[in-house]
1. Only one of (1) touching a Phe, Trp or Tyr at 6+ places or on another chain (Cβ under 8 Å); (2) assigned to a strand (DSSP E or B); (3) surrounded by 13 or more Cβ atoms within 10 Å (Cβ to Cβ) is not met by W211, so which one is it?
2. Go through the stretch 66-103 and give me each residue that's among the hydrophobic types (A, V, I, L, M, F, W, C), farther than 23 Å from D136 by Cα and not in a strand (DSSP E or B).
3. Could you tell me whether the stretch 12-32 includes any residue that is modelled with pLDDT of 90 or more, hydroxyl-bearing (S, T, Y) and either closer than 25 Å to Q117 by Cβ or within 19 Å of the chain's Cα centre (by Cα) (or both)?
4. Can you pull out every residue in the stretch 89-139 that is in contact with a Gly (Cβ under 9 Å, 6 or more places away or on another chain), at pLDDT 90 or above and of a type in the set (A, V, I, L, M, F, W, C)?
5. Identify, by number, the condition in (1) under 24 Å from N141 (Cβ atoms); (2) modelled with pLDDT under 80; (3) in a helix (DSSP H, G or I); (4) open to solvent by 60 Å² or more (accessible area, probe 1.4 Å) that E63 doesn't meet.
6. Of everything in the stretch 27-43, what is in a loop (DSSP other than H, G, I, E, B) and closer than 19 Å to V148 by Cβ? Give them in sequence order.
7. Looking at the stretch 169-190, which of its residues are buried (at least 19 other Cβ atoms within 10 Å of the Cβ) and farther than 24 Å from C70 by Cβ?
8. Take the stretch 216-250 and flag every residue that is in a loop (DSSP other than H, G, I, E, B), surrounded by 15 or more Cβ atoms within 10 Å (Cβ to Cβ) and more than 25 Å from the chain's Cα centre (by Cα).
Amino acid sequence: QTITLLFIAFLIVGAVLSAPATTLAADPLIREQRTLTVDGQTETWTLRWEKPPKSACGADNAEFSLSCSCNGFAYGEEGKLTLVRLLADGTQESIRLGLFFKSEQEITSDSGNVVVQRWQPLRDGKDSDFNHAGDDDFVANVAKRPTVELMHFADYDHDGGATEFLLQLNTKPCGKRQMVAVGVSRSNPHLHLFSTTGNPKKPLILYAQAWETLRTSDGPVTVVDWACGDHGGVEESRIALQVEDGVIRGKRKKYACDNSNHANENAVLEETDL
């Protein structure tokens, strides 16, 4: 009977360790904890706050949180956030995400802080149907919503391993979410922010749609980074991306816009490596 009980306990513990989990109830400093397979070995990755985070783009300030500045961050939290990687052999490595975080000053109060979404606003503007400012009932109801999962692992660099996820750094007018890819790759097996061959020491910052286009691509792709006429723009910015064997290459071209808000293909104003 004792052997049977021990075996059952072992199965329960094993299931807990191998299951994806957000463990806020067990440890409020753990924002999210996931397991994944890297080169055939199971690892545990944890997003951990240095101290309890504070509200950012929160439901307590609904008018601001539903503005363009908070797109992708509402309803969120702010603080110093570290990604901790526990390898199969018991060794650890970590990366402080605030070192790379860039945001508008009205969103974060400290350049070393990260803002991440905790609960999602309702779609179709349903949250904006209320006058929420100072509405304690609304704040409490938002806190009952499911916690947003941050680590959505995918293979953005096409090296055969879904070992990176996107982190939002900023938002541009309006709804243009700037993202970086965080994780490991065959060319760099340690935690890092992904970059290009043209600027290997600078994180590659792309809008969310550009990352998705890159992920699903099977060859070179070109995406419009900023279109003619967008917010009065008189230039169009296009990004050419290519991934080969886990290496990302990219260039940006800027074109003059004509009076009909179309890019003049013969008027390249600038061409730079990403």
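The values are calculated or read from the model by the stated rules, or taken from the named source; none is laboratory data. None of the values given here were measured: they were computed from a predicted structure. Note: ideal-geometry Cβ built from the backbone for every residue, glycine included; neighbour counts use all protein chains shown. For accessibility, only protein heavy atoms count, side chains too; no ligands or nucleic acids. Shrake-Rupley method; radii C 1.70, N 1.55, O 1.52, S 1.80 Å.
1. For W211, the exception is condition (2).
2. If the condition is that a residue be among the hydrophobic types (A, V, I, L, M, F, W, C), farther than 23 Å from D136 by Cα and not in a strand (DSSP E or B), then C68, L87, A88, L97, L99, F100, F101 are the ones that fit.
3. The answer is no, given that none of the residues of the stretch 12-32 is modelled with pLDDT of 90 or more, hydroxyl-bearing (S, T, Y) and either closer than 25 Å to Q117 by Cβ or within 19 Å of the chain's Cα centre (by Cα) (or both).
4. V114, V115, V116, W119
5. For E63, the exception is condition (2).
6. Step one: filter the stretch 27-43 for residues in a loop (DSSP other than H, G, I, E, B), giving 27-29, 39-40.
Listed by number, the residues that qualify are D27, P28, L29.
7. G183, V184, S185
8. C228
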